[in-house]
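The values are calculated or read from the model by the stated rules, or taken from the named source; none is laboratory data. None of the values given here were measured: they were computed from a predicted structure. With ideal geometry, Cβ positions are generated from the backbone for all residues, glycine too; neighbour counts draw on all protein chains shown.
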């Protein structure tokens with residue numbers, strides 16, 4: 001089995017609804033997504049996948065959709081105000097926790113045809129969440 005991993009840095013803001021801690025307030029993170037792909041065979045170049053393909057198919061999406069963006073749950077009462085003011089907002093059905101953002105990146109990579117097996121999202125230098133797909 002072969003694995004390749006690419007790290008993707010991005011900045012984002014969010015807040016958590018139905019949460020009593022300080023993360024219920026708007027705040028931001030310098031996130032680091034660590035995306036791992038896996039496969040049993042290498043191509044004619046001796047590669048599982050060119051790192052440039054990961055950049056083209058997934059990092060570009062993260063740069064366009066998540067980087068320097070506010071990530072909010074669909075029912076967040078601030079959403080209409082931010083949208084009316086032309087602010088960048090990425091809307092999720094689920095609370096934008098590190099776990100759910102890791103799953104979002106995983107799902108996006110898979111839908112782009114990448115053999116993603118794991119996404120680790122570092123929210124701070126000391127805290128991360130991992131998503132490896134459905135069992």
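Would it be correct to say that residue 105 is within 18 Å of residue 131 (Cβ to Cβ), in a helix (DSSP H, G or I), more than 13 Å from the chain's Cα centre (by Cα) and in contact (Cβ under 8 Å) with a residue 12 or more places away in the chain?
no
Determine which member of the set 96, 135 is outside any strand (DSSP E or B) and modelled with pLDDT under 95.
None of the others qualify; the one that does is 135.
Inside the range 43-72, can you point out the residues that are in a helix (DSSP H, G or I) and farther than 17 Å from residue 5 by Cβ?
Across the range 43-72, the qualifying residues are 60, 61, 63, 64, 65.
Can you tell which of 121, 114 is in contact with a helix residue (DSSP H, G or I) (Cβ under 7 Å, 6 or more places away or on another chain), assigned to a loop (DSSP other than H, G, I, E, B) and surrounded by 17 or more Cβ atoms within 10 Å (Cβ to Cβ)?
114
I'm trying to understand the selection: among the residues of the range 76-89, which are surrounded by fewer than 16 Cβ atoms within 10 Å (Cβ to Cβ) and in contact (Cβ under 8 Å) with a residue 24 or more places away in the chain?
Residue satisfying the conditions is 78 alone.
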